[in-house]
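First the structure, in the form of structure tokens, and then the observations on it.
The values are calculated or read from the model by the stated rules, or taken from the named source; none is laboratory data. Computed from a prediction, not measured in an experiment: that's the story for all the values here. Counting neighbours? That spans all protein chains shown, and the Cβs are built from the backbone with ideal geometry, glycine included.
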Amino acid sequence: MAPLGSFYDPAFASGAREAMKELAPQLLGSMASGIEALNRRMELLLKGHPYAKSAIDMALWDLAGKRTGLSLAALSGGAEGERLALYRSIAQQAPDAMAARAVKYIAEGYRRLQVKVGLDVNEDIARLEAVRASVPTDTVLFCDANASWGTSETRRFLMATRNLDYTLEQPCASYEENLAIRRATDRPLVLDESIDSADVLLRAISDGLVDGITIKLARVGGLTKAKLLRDIAIAKNLKVTIEDTGGAQINTAAYSGLLLSTPESLRQHTVDFHNWVTVSNARGEFAIADGMMSLPADPGSAWMSTLIYSANRCLPATPERDGWTDTPPAPVQPDVGAMVAGRRRPRCCAARRCQRNAVLLQACVRILAAGPLPAPASSSDGPSARTRHLG
């Protein structure tokens with residue numbers, strides 16, 4: 001996992017490490033195949049902090065894939081197609097500069113663009129008009145305010161852009177403000193920051209608030225809860241985007257696998273976050289061409305495919321090497337404090353790996369030990385914006 005920053009969501013890198021120190025000693029020894037049971041246990045052990053729980057949950061799904069030899073797409077419903085549509089985000093600049101960036105992305109094969117708005121309304125109107133005029137009419141545009149406007153600014157923007165083709169994304173921060181906007185416009189509306197639980201999504205569906213949703217793994221607590229939200233959205237015929245608040249190859253593999261098992265007719269798009277950061281936490285080739293992304297292909301392998309964890313130079317457990325069993329021996333509890341202080345893998349990880357312990361130890365070590373947490377780009381303008389990783 002990789003929080004975008006404490007300025008965006010209630011999540012930060014140090015919080016993930018502290019949460020792991022709280023959770024790991026109480027989870028080691030649990031049956032790793034009971035993914036939903038372990039998620040319920042994490043909720044009992046630690047209120048909140050879904051971004052930290054997300055790392056453990058992703059590791060549990062990884063082990064399920066390795067145990068069965070199935071991809072995440074197969075485990076989560078069955079892949080539909082082989083490629084995912086990517087969008088490119090255009091950060092707020094002068095209208096001409098944003099239009100030029102849009103033209104560049106179109107030339108590279110992208111057909112889905114996210115225009116950042118949410119500052120001065122008049123300037124944002126000019127930005128959208130410039131971008132819309134510079135791209136082909138079949139280009140899909142989203143205007144994302146990142147919850148920065150109030151209802152007054154949103155209404156002004158909607159009135160001025162009535163004749164333009166675009167989808168509005170998360171204009172306001174509060175649920176009630178967005179509901180007021182929904183009742184005042186027939187513009188397609190997608191919520192992102194507001195969608196943090198099944199309760200909120202069910203309420204939004206009941207109120208007729210959303211036409212689509214964006215699900216971020218770290219915000220909701222991992223793949224298990226993201227899949228629940230995804231399945232609810234499918235049942236109600238809502239458009240779905242699945243991504244994360246940041247990250248490198250592990251994150252990209254996780255949310256892309258889940259999105260690939262979403263019906264093609266309801267998939268919106270996603271983003272290649274591993275190309276937005278300057279560090280790598282795995283090896284694997286995500287082929288990107290013509291605005292589409294294919295996941296690493298390695299028939300018969302787990303959902304991480306050819307990705308190899310490098311956070312603490314510790315390879316994933318395999319049945320051939322580590323002798324998984326459905327009835328593993330009694331777990332050995334590692335000294336998590338020593339793991340943090342010494343930044344090393346506990347001796348018991350190598351000595352007594354088993355189906356119950358290996359994945360949780362690795363998840364804990366990846367967060368606590370030598371592996372860096374990738375940071376988001378300094379702007380929202382895609383792979384060209386690169387920055388150093390967080391602590």
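For segment 227-269, the candidate set comprises residues that are of a type in the set (Ser, Thr, Tyr), touching a residue at least 60 places away in the same chain (Cβ under 8 Å) and more than 18 Å from Ser194 (Cα to Cα); within that set, the residue that is surrounded by the fewest Cβ atoms within 10 Å (Cβ to Cβ) is Ser261.
Checking Asp186, Asp199 one by one, the residue that is surrounded by fewer than 14 Cβ atoms within 10 Å (Cβ to Cβ), closer than 22 Å to Ile125 by Cβ and out of contact with any strand residue (DSSP E or B) (no Cβ under 9 Å at 6 or more places or on another chain) is Asp186 and no other.
Residues in segment 281-294 that are assigned to a loop (DSSP other than H, G, I, E, B) and either touching a residue at least 60 places away in the same chain (Cβ under 8 Å) or basic (Lys, Arg) (or both): Asn281, Arg283, Asp290, Gly291. Taking segment 26-113 and the helices (runs of 4 or more DSSP H) fully enclosed by it, the elements with 1 or more residues that are more than 19 Å from Leu259 (Cα to Cα) are at 35-45, 50-68, 95-107.
Here's the yes/no breakdown for (1) farther than 22 Å from Ile215 by Cβ; (2) small (Gly, Ala, Ser); (3) assigned to a loop (DSSP other than H, G, I, E, B); (4) modelled with pLDDT of 95 or more:
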{"site": "Cys143", "(1), (2), (3), (4)": "no, no, no, yes"}
{"site": "Phe157", "(1), (2), (3), (4)": "yes, no, no, yes"}
{"site": "Arg162", "(1), (2), (3), (4)": "yes, no, yes, yes"}
{"site": "Ala180", "(1), (2), (3), (4)": "yes, yes, no, yes"}
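Scanning segment 114-126 for residues that are crowded, with 21+ Cβ neighbours inside 10 Å and in a helix (DSSP H, G or I) yields one hit, Asp124. Taking Val131, is it touching an Asp or Glu at 6+ places or on another chain (Cβ under 9 Å) and under 19 Å from Asp165 (Cα atoms)? In short, no.
Of all residues in segment 10-66, those satisfying the criterion of being charged (D, E, K, R), closer than 26 Å to Ser194 by Cβ and surrounded by fewer than 23 Cβ atoms within 10 Å (Cβ to Cβ) are Glu36, Arg40, Glu43, Lys47. The single condition from (1) touching a residue at least 24 places away in the same chain (Cβ under 8 Å); (2) under 18 Å from Val210 (Cβ atoms); (3) not in a loop (DSSP other than H, G, I, E, B); (4) not polar (S, T, N, Q) that Ala130 fails is (2).
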